[in-house]
Every structure is written in C-alpha cells, then in structure tokens.
There are 2 protein chains.
Amino acid sequence: MINSKIPQATAKRLPIYYRYLGILYNSGKKRISSTELAEAVKVDSATIRRDFSYFGALGKRGYGYDVKSLLDFFKKTLNQDKLTNVALIGVGNLGHALLNYNFHGSNNVRISAAFDIDDRITGTIQSGVPIYPMNEMKEQLVEQQIEVVILTVPSPVAQRVTDELVTAGIRGILNFTPLRVNVQDGVRIQNVDLTNELQTLIYFLNHVDQPQASTK
Amino acid sequence: MINSKIPQATAKRLPIYYRYLGILYNSGKKRISSTELAEAVKVDSATIRRDFSYFGALGKRGYGYDVKSLLDFFKKTLNQDKLTNVALIGVGNLGHALLNYNFHGSNNVRISAAFDIDDRITGTIQSGVPIYPMNEMKEQLVEQQIEVVILTVPSPVAQRVTDELVTAGIRGILNFTPLRVNVQDGVRIQNVDLTNELQTLIYFLNHVDQPQASTK
DNA sequence: GATATGTTGTGAAATAATGCACTTTATGCT
DNA sequence: AGCATAAAGTGCATTATTTCACAACATATC
Ligand SMILES: NC(=O)c1ccc[n+]([C@@H]2O[C@H](COP(=O)([O-])OP(=O)(O)OC[C@H]3O[C@@H](n4cnc5c(N)ncnc54)[C@H](O)[C@@H]3O)[C@@H](O)[C@H]2O)c1
Ligand SMILES: NC(=O)c1ccc[n+]([C@@H]2O[C@H](COP(=O)([O-])OP(=O)(O)OC[C@H]3O[C@@H](n4cnc5c(N)ncnc54)[C@H](O)[C@@H]3O)[C@@H](O)[C@H]2O)c1
C-alpha cells in the first residue's frame, strides 16, 4: 500500500509499460529512453516520463532507464512478483476461451478455479482448471483465498451472481457482461464491454474527420 | 458526418446509453429522467445531461427524455440503423468465441466473414460465417466492402496482418492482441487488452485505500 | 579535466472532463 | 387558469490529464 496519489490514467498504462519492458529484457536490451519507449507503446514520451516520475527518479539523465531495474520495479508495483489466483464464473463461449488462454506468457495471474451451473461440465477439469458447481462457490473462494473473479455469465443472472460473489468476500470483478452491476463500496468493478468497443470504433470512423490513429 | 465536436469521453459513453435505452424501451417504459438513467448506467446525472446536450435539446424540462425518440436518435448516431459488416481475422481460441457470439441481441453489427491460415478450418462455415484462407482476404474485404475488422491473431503476426489489412483499405481495427500495431494516419485502432484490464484491476485493489466502486 | 551530448525530471501552460448549483421551462394538479 | 413541482440545459469552478520546453545533470569524448 504505497502512494495512492498515482493518477488513474497513469495506473492504466502501467501494464503496457510492464509488458514492453519484458519484451525488451528478453531481447537483451539493457537500456531504453522515453522516446524509444514512446514509439513502441504509442504514448507520448513526456507522458511516459511524467508517469514514471510519480514513482520517484527511476532513470538517469543523459542515459535513459535501465531495463532490468525498471522491469523489476514494475513487477513489484503490479504485484506480478507473486502469483495471484483468480476465479472464472461462467464457462460458456467466452469463459471457455479465457480459461484456455489463462493469461499464459510472462504473467503471474492464473485462473485457478472456475464455476458454472451446467452439470454437464461441473466436476470436470478444463485446461487444468477444475469447474465447480455454483453451490460450492462461496466455500471454494474463501478456501482458496480468491479475491478477484472474471465474470462471464449471461447478463440476466449477472447481478444475482455478483451479489453472491460480494458475500463471498470478493474485492474485484472483471465484468464481461453488458450489465452495470451494483456492488457495495470497497468492491471494484472493471467493465470490459466488447459490443461497446466495437460501436465506439464504428462511431469514430463515421464522425471523426481528422484522421487520428490509436486510442486507449 | 455531423458535428465532430463531441468529446471522446462522451462518445465512449454513447453505446452504454444506447443499450440501456433499448432495455427500457423493451420493458415498455415511455420516459426517463437523467437521474434515473444515472443510477442504471453508473454515470453522474449532470454528465448525462451534458453529454446529451452536445446533440441539442433532446429532452423536455420538467418531464425528462422520451425513451423512444432518444433511442431512435442514438440508433442513428451510432449507425445502428443500418447493418455494418465486419470481418474477423484469426479464428482461434478467442476468435471462435466472438464468432459464435456474433454480437447478437439488439445489435446491428455482424461478423460476415472470417479469415485464418489454418487449412483445417478454412473453407468451412462456423456459426453461419464462412472462413476464408488468408490469400483471399484482400479480395473478399474489398468485394464485401468491409471497413472494420476484429483482430485475434497471435501477436507475433499481428503487425504483418495489420499491414495487409491496411493495404486492403480497412479503416478500423478492434485489436485484441497485446501488440500496439503501427498504422498510417486515417486508420483507427481500438485496443482491447484483457491482460491489462486484469492487471489494472489487481493494481487498484492493492493500492487504492479509499474504496471506490466502478470504472470506465 | 573540460567540453559536448543526450535524456531525464518537472514547472507551467494548455486541454479535457466532471460535477455543482442555478435558471429556465414544461407538465400536472387543483 | 394558476400554481407547485420536476427536471432539463448550462455557466462556471474544480479536477484531471496531457504536453511544451527547458534547466539540471549524468555520461561519453577529447
Ligand atoms: N462470447 C462473446 O464473445 C461475448 C462478447 C461480448 C460479451 N459477452 C458477454 O459475456 C457473457 C457470457 O457470454 P457467453 O457468450 O460466454 O455466454 P454463454 O451462454 O456461452 O455462457 C454462459 C455460461 O454461464 C453459465 N451460467 C448460466 N447461468 C449461470 C449462473 N447463474 N451461475 C453460473 N453460471 C451460469 C452457463 O452455463 C454458460 O456456461 C454474456 O454476458 C455476454 O453478453 C460475450
Ligand atoms: N484467448 C484469450 O482469451 C485471449 C485473451 C487475451 C488476449 N488474447 C490475444 O488474442 C490473440 C488470439 O488469441 P487466441 O488465444 O485466440 O490464439 P489462438 O492461437 O487460439 O488463435 C490464433 C488464430 O490465428 C490464426 N493465425 C495464425 N497466424 C495467422 C496469420 N498469419 N493470419 C491469419 N490467421 C493466423 C491461427 O490459425 C489461430 O486460428 C492473441 O494475440 C492473444 O494474445 C487472447
């Protein structure tokens, strides 16, 4: 629990920096300048320097940033130095894809349990992850000390399932349903709304005259 | 091509309003106030009124907004009054889930063509969508007048495939790969980075003391 | 050691987004 | 018809974010 004065916009960019630093490190690069990094991650170099500066003086003037130590720093900051277990609720179309993918690569997040109501799949193991029935959810979440879940259930049941999750002590939900679920204070929702993303893209294509590249 | 003075932040919220208005309309509701809408979509009521006001006076003082006409207005604004065909590149794990889902519901976006290199699946039809081999991509995109694609190929080939897409005249890419691809001016990229979303969520859980609810 | 070079870290300006609080105006009730 | 009420639309203050541009300083070169 360090400095919580980090702007939201900065916090959202940290994973992007982290990933690219990993790639740089693996390619054997020893140092990187904000300008070079800017090119790769499509964020203005001044923004990068400002972002980094919230965490102190991470670079050396006239030299740039040391890839290894910057990588280590962000690994710690993003809690990627220890494994975080998350659960997946709803192993359907999308849930199955996420389960299969399971954030492999240079990552320290793992789906370690999945839940569903469909008794044709509960009790089985998919991609190494056991699928439990819903009536075991609370028990398993508590036992496995899981605080973060990925929600991929049909939207009509999303609020009901969310309520159960909250009573099970969950603190964060990555919500793929289009429903804006209600939760008490202290529970964080991160919405991923794919239909929105597509509609927004189409909107910009039809309404922005001055062509602009990337977003987010 | 109307007024392009709409703030980005507002534009990103339009699909959220649109979807909720559809739900309201289907439930038979005739009118809605900004306060009531705010509750459902988790956006401050003043922000909603401001957002709407960029498009003119859409409501009636003392009454609220007429659900039907607001819905119609946003349908037009979001180009949901006509069908938009999009293509999917890379029918793997994630691509398959999206193909299967195909944005059904009250939506006017359809994946009408898919592409892959794997000759075990090219030539087949999945969820009603034909999967073409990559050497037919340019031809098909031009012929079907597709301007928007969903990119779900492995990240090592993402830049190469993107270059092909650009030469095929694509104007928008919904990019699910973690790579920040390079495109010329005039092509819009909307990045959806699921690993980022999860890492950001975990970051906030560990670093924000004052509990705050929703995001985005 | 002195000088040239490159790149950070940051003050300050510019831009963007939010939200308060008030004015205005339509509606519904008596 | 008149009055009370509700809620939109908006000026403005506040807050957040980005970007410019430069002084400060580390490193490399001679
Ligand atoms: N599939 C996509 O590509 C896609 C894209 C955008 C949004 N979404 C959203 O993601 C969510 C899931 O979509 P999907 O296509 O995977 O749906 P799906 O129907 O394929 O899968 C839903 C899964 O949830 C399970 N389930 C149903 N009720 C449950 C309950 N009460 N408790 C636990 N599990 C329950 C079902 O058994 C099923 O396995 C939906 O809200 C959808 O709108 C999906
Ligand atoms: N699956 C997920 O849940 C998930 C989550 C986050 C990010 N992603 C990202 O989405 C992308 C796709 O992930 P995935 O899990 O579906 O991968 P995948 O390997 O299952 O699917 C990739 C598909 O692309 C095809 N392909 C390979 N090279 C191609 C080429 N040159 N041209 C056209 N098609 C080609 C493959 O044949 C395969 O069908 C990756 O970049 C991944 O990082 C996936």
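Values quoted throughout were computed directly from the atomic coordinates according to the rules given, and no laboratory measurement underlies them. What you see is a predicted model; the values in this text were computed from it and never measured. As a convention, Cβ positions derive from the backbone with ideal geometry for all residues, glycine included, and neighbour counts pool all protein chains shown.
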Quiz item: Is the shape of the protein assembly as shown best called rounded, prolate or oblate, per the rule: a/c under 1.5 gives rounded, else a/b larger than b/c gives prolate, else oblate, with a ≥ b ≥ c the square roots of the Cα gyration tensor eigenvalues?
Solution: rounded
Quiz prompt | For B:Asn191, distant residues with modelled amide H under 5 Å away | solution = A:Thr215, B:Asn175
Quiz item: Between copies, how far does the label point of A:Gln145 sit from its twins, in nm, shortest first, when each point is 7 Å from Cα along Cα→Cβ?
Solution: 5.9
Quiz item: Between the range B:64-85 and the range A:1-55, what is the C-alpha centre distance in whole Å?
Solution: 39 Å
Quiz item: Chain B: which residue's Cβ hugs the B-to-A rotation axis most tightly, distance rounded to whole Å?
Solution: B:Ala97, 2
Quiz item: Once you list every other residue whose beta carbon is under 11 Å from the beta carbon of A:Asp81, what net charge do they have if Lys and Arg are +1 and Asp and Glu are -1?
Solution: +2
Quiz item: Once amide H atoms are built 1.01 Å from N in the peptide plane, which residues 5 or more positions from B:Ile111, or in another chain, come under 5 Å H to H?
Solution: B:Val86
Exercise. Mind checking which aspartates and glutamates have their Cα closer than 15 Å to the Cα of B:Lys75? Skip sequence neighbours fewer than 8 apart in that chain.
Key: B:Asp66
Exercise. Kindly give the distances from A:Lys76 to its copy-mates, label point to label point, with each label point 7 Å from Cα along Cα→Cβ, as nm values to one decimal ordered shortest first.
Key: 5.8
Quiz item: Under the Karplus relation 6.51 cos²θ - 1.76 cosθ + 1.60, θ = phi - 60°, what is the ordered set of whole-Hz ³J(HN,Hα) values for the range B:197-206, x standing for Gly and Pro?
Solution: 4, 5, 5, 5, 4, 5, 4, 5, 4, 8
Practice problem: Taking the Cβ of A:Gly169 as the centre, find all other residues whose Cβ is under 13 Å away and add up their charges (Lys, Arg: +1; Asp, Glu: -1). | Solution: -3
Practice problem: Quick one: of A:Lys138/B:Lys29; A:Lys29/B:Lys138; A:Lys5/B:Lys12; A:Lys29/A:Lys60, which pairs are farther than 28 Å apart, Cα to Cα? | Solution: A:Lys138/B:Lys29; A:Lys29/B:Lys138
Quiz item: If you plug each phi of the range B:39-56 into the Karplus form 6.51 cos²θ - 1.76 cosθ + 1.60 with θ = phi - 60°, what whole-Hz ³J(HN,Hα) values come out, in order, with x for Gly and Pro?
Solution: 4, 6, 9, 6, 10, 4, 4, 5, 5, 4, 4, 4, 4, 5, 5, 4, 9, x
Quiz item: Within a Cβ distance under 13 Å of B:Val148, other residues only, what is the Lys/Arg minus Asp/Glu net charge?
Solution: +1
Quiz item: At A:Tyr63, label 7 Å along Cα→Cβ: distances to the other copies, nm, ascending?
Solution: 6.9
Exercise. Would you mind checking which residues have amide H under 5 Å from A:Arg31's amide H? H placed 1.01 Å from N; only 5 or more apart, or other chain.
Key: A:Val67
Exercise. Ratio to report: Rg/Rh of the range B:1-103, with Cα atoms as the point set and Rh obtained by the Kirkwood method; give two decimals.
Key: 1.04
Quiz item: Taking θ as phi - 60°, what are the ³J(HN,Hα) couplings along the range A:67-74 by the Karplus curve (6.51, -1.76, 1.60), each to the nearest whole Hz, with x for Gly and Pro?
Solution: 4, 4, 6, 5, 4, 4, 4, 6
